[in-house]
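To start, the structure itself, in structure tokens.
The values are calculated or read from the model by the stated rules, or taken from the named source; none is laboratory data. Please read all numbers here as calculations on a predicted model, not as lab measurements. Glycine also receives a Cβ, built like all others from the backbone with ideal geometry; neighbour counts cover every protein chain displayed. Note: areas computed on protein heavy atoms with side chains; ligands, DNA, RNA excluded. Shrake-Rupley method; radii C 1.70, N 1.55, O 1.52, S 1.80 Å.
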Amino acid sequence: MTEHEQPSRAPGTGRGRRAALIVVLTIALICGAVATGYLWAFSARTDRARAAELHQVTATTTGPAQEPPVQTRSGTGPRAVAPAVWEYPDDVSRSGTVDVPPRTPRGRSVTVWVDDAGAPVRRLDNAADRWLTSVVGGIATAGAVGATGAAALALLRRRAEGRALAALEREWERVEPVWSGRLRRERGPGADED
């Protein structure tokens with residue numbers, strides 16, 4: 001090896017690899033934060049639009065609260081349903097099944113959300129639900145971007161290693177006969193005298 005030749009390093013190691021990984025993670029975090037903000041804003045706009053079409057009315061239960069079947073339950077809070085009657089719009093009597101707190105007795109007044117036609121609807125999400133949905137969406141986005149970036153880095157590293165190993169192989173084919181002495185043996189006795 002001459003003074004100007006540098007020893008070969010294994011490709012894909014050192015500072016360059018760490019820097020690329022940091023860049024990918026930074027991009028993933030930025031994408032996750034942007035997605036969280038976008039989902040928050042989208043959910044807030046949707047809730048405002050829904051709120052314009054929803055109305056709170058007071059309903060009176062006509063039967064006791066019942067737990068819904070397990071396969072129809074949603075959310076994490078306690079939930080029960082009960083038959084009820086209410087008036088909306090303008091003294092039009094309505095009836096149906098509405099969400100109520102567990103163990104609500106018959107004849108109890110409960111607040112329900114109805115649409116412009118007077119049909120019961122799911123309540124609007126509160127800020128905590130909106131925040132949780134936004135954060136989960138942001139984390140999922142960051143994970144997807146990070147995984148895609150890591151896969152791209154792994155593919156690039158593999159291609160770079162393949163090229164570097166092919167170059168080393170070509171260099172070895174050129175140097176090996178001289179280094180091992182095979183070239184001298186092939187030329188026969190007295191080849192060293194040249």
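Miscellaneous remarks
- Meets criteria (under 24 Å from ALA152 (Cα atoms), at pLDDT 80 or above and open to solvent by less than 80 Å² (accessible area, probe 1.4 Å)) for ALA33: yes
- Just so you know, in the stretch 55-74 the residues that are modelled with pLDDT of 85 or more and of a type in the set (A, V, I, L, M, F, W, C) include one that is least open to solvent (accessible area, probe 1.4 Å), and it is ALA59.
- Hey, VAL135 among the β-branched types (Val, Ile, Thr), out of contact with any strand residue (DSSP E or B) (no Cβ under 7 Å at 6 or more places or on another chain) and open to solvent by less than 60 Å² (accessible area, probe 1.4 Å) or not: yes
- Residue in the stretch 125-132 that is aromatic (Phe, Trp, Tyr), open to solvent by 70 Å² or more (accessible area, probe 1.4 Å) and touching a residue at least 40 places away in the same chain (Cβ under 8 Å) present: yes
- Here the condition is being open to solvent by 40 Å² or more (accessible area, probe 1.4 Å), modelled with pLDDT of 85 or more, part of a strand (DSSP E or B) and out of contact with any Cys (no Cβ under 7 Å at 6 or more places or on another chain); of VAL110, VAL81, VAL85, it holds for VAL85 alone.
- Residues that are on the phi > 0 side of the Ramachandran plot and in a loop (DSSP other than H, G, I, E, B) are absent from the stretch 124-141.
- Residue pairs meeting the criteria (Cβ under 9 Å; at least 6 apart or on separate chains; first within 20 Å of SER43 (Cβ to Cβ) and touching a residue at least 40 places away in the same chain (Cβ under 8 Å), in the stretch 137-148; second surrounded by fewer than 13 Cβ atoms within 10 Å (Cβ to Cβ) and among the β-branched types (Val, Ile, Thr)): ALA142/ILE30
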